[in-house]
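Novice: Dropping a structure here in structure tokens format, bear with me for questions.
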Amino acid sequence: AEGDHNWTIKCKDSAQNEGTSATRDFYIDLTDPIDNDPTDESYLQDLGATIDWILTDDYASGYYYVERNSTIQNSSTTWQNNTNLGVWVNTTTLGVWNYTIFYNDSVGNSNSDEVEITISSDNPPTVTLNSPIDYYNSTLDSIIFNCTADDDISLVNVSLYGNWTGNWLLNETNLTPINNAPVIFDKTISDGIYVWNCYACDSISQCDFASANKTFTIDSTKPNVAINSPLNQTYDTNIILFNITATDGGGISACWYSLTGGSVNYSMSQSGD
């Protein structure tokens, strides 16, 4: 069985003389050493950090070594039972790094553990609004929003914000963005003038909007046009006043007319409000 044992040999000769050997002690250790299983961590670039691995064995400690992304960082050396190893973390290079400790006890039982370390700058993601362009005018109520977020570590989400619900609010979030790739949001929006932006967050909760909102207009309703003159009748003059009233919720930019299906359009000037 596992644990401490001792043994002694006794022998008799034909005359019944008994001899006894010295007592020998031995230990059976079938259990692997264990560690305290530190959690994954994130650190800012160039700041000091350690992984606080503590190794434990029921009998006697052995050796350990540490790899960083499969390259040996700490060469093989002894460890002391229940003592914090304080393994150094290299924070000079941005990225996600896997630190793996391999260790054994005095009889060769072995184990390992892995900790993921994220090294990042103190900069949030950079957000670019691709489309619609600023001051975009649409006659359709369907708008496709396209933005891109770029981060030095790992994007976690990209969200669309806008004010077409009446208030400036989060509208939708993409939880699986790809770094520096377009994120698309397809929305149906009523007529009006609105602003929009995208908000991106990375794996260490650094978040930011694009540097400025963009404005767009949706005007899906045609102007209402009423002909005031000439009336639908016969005139005995070749001087005719063409007069109309045009109304639109978004305002009228221009009006024109053509005669008898002609190919020439004639501009009309505005009078009044």
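The values are calculated or read from the model by the stated rules, or taken from the named source; none is laboratory data. Just so it is clear, the model here is predicted, and its values are computed rather than measured. Neighbour counts are summed over all protein chains in view; Cβ atoms, including those assigned to glycine, are modelled from backbone coordinates with ideal geometry.
Novice: I want to confirm something. Restricting to the stretch 19-78 and keeping residues that are assigned to a strand (DSSP E or B) and of a type in the set (A, V, I, L, M), which single residue is nearest to Ser106 (Cα to Cα)?
Specialist: Of all residues in the stretch 19-78, those assigned to a strand (DSSP E or B) come to 19-20, 24-28, 34-35, 41-44, 50-51, 54-56, 61-68, 71-78.
Pick out the ones that are also of a type in the set (A, V, I, L, M) and you get 28, 34, 44, 51, 54-55, 66, 72.
Details: Ile28: 11, Ile34: 13, Leu44: 38, Ile51: 23, Ile54: 16, Leu55: 13, Val66: 18, Ile72: 22 Å.
Per the criteria, the residue is Ile28.
Novice: In this structure, does Ile193 turn out to be in contact (Cβ under 8 Å) with a residue 12 or more places away in the chain, surrounded by 15 or more Cβ atoms within 10 Å (Cβ to Cβ) and under 35 Å from the mean Cα position of the chain (by Cα)?
Specialist: Details: in contact (Cβ under 8 Å) with a residue 12 or more places away in the chain: yes; surrounded by 15 or more Cβ atoms within 10 Å (Cβ to Cβ): no; under 35 Å from the mean Cα position of the chain (by Cα): yes.
So Ile193 fails the test.
Novice: For the stretch 132-145, state whether one or more residues are among the acidic types (Asp, Glu), farther than 30 Å from Val183 by Cβ and modelled with pLDDT of 95 or more.
Specialist: Of all residues in the stretch 132-145, those among the acidic types (Asp, Glu) come to 134, 141.
When the remaining residues are screened for being farther than 30 Å from Val183 by Cβ, the result is none.
No, every residue in the stretch 132-145 fails to be among the acidic types (Asp, Glu), farther than 30 Å from Val183 by Cβ and modelled with pLDDT of 95 or more.
Novice: Residues of the stretch 149-174 being among the hydrophobic types (A, V, I, L, M, F, W, C), more than 23 Å from Leu94 (Cβ to Cβ) and in a loop (DSSP other than H, G, I, E, B), which ones? Please lay out each step first, then the result.
Specialist: Taking the stretch 149-174 and keeping what is among the hydrophobic types (A, V, I, L, M, F, W, C), we get 149, 153, 155-156, 158, 160, 164, 168-170.
Of the ones still in play, those that are also more than 23 Å from Leu94 (Cβ to Cβ) are 160, 164, 168-170.
Those that are among the hydrophobic types (A, V, I, L, M, F, W, C), more than 23 Å from Leu94 (Cβ to Cβ) and in a loop (DSSP other than H, G, I, E, B): Trp164, Trp168.
Novice: Further question: Here are Leu241, Leu259: which of them is more than 30 Å from Asn163 (Cβ to Cβ), loosely packed, with under 10 Cβ neighbours inside 10 Å and modelled with pLDDT under 90?
Specialist: Numbers: Leu259 fails: loosely packed, with under 10 Cβ neighbours inside 10 Å.
Unique residue meeting the criteria: Leu241.
Novice: Could you tell me which numbered condition Thr92 fails, if it satisfies all but one of (1) surrounded by 14 or more Cβ atoms within 10 Å (Cβ to Cβ); (2) not assigned by TED's automatic domain parsing to the domain that holds Asp186?
Specialist: That leaves (1) as the condition not met.
Novice: Among the listed residues Ile101, Ile51, Ile133, Ile119, identify the single one that is touching a residue at least 60 places away in the same chain (Cβ under 8 Å) and touching a Lys or Arg at 6+ places or on another chain (Cβ under 9 Å).
Specialist: Values: Ile101 fails: touching a Lys or Arg at 6+ places or on another chain (Cβ under 9 Å); Ile51 fails: touching a Lys or Arg at 6+ places or on another chain (Cβ under 9 Å); Ile119 fails: touching a Lys or Arg at 6+ places or on another chain (Cβ under 9 Å).
Testing whether each residue is touching a residue at least 60 places away in the same chain (Cβ under 8 Å) and touching a Lys or Arg at 6+ places or on another chain (Cβ under 9 Å) leaves just Ile133.
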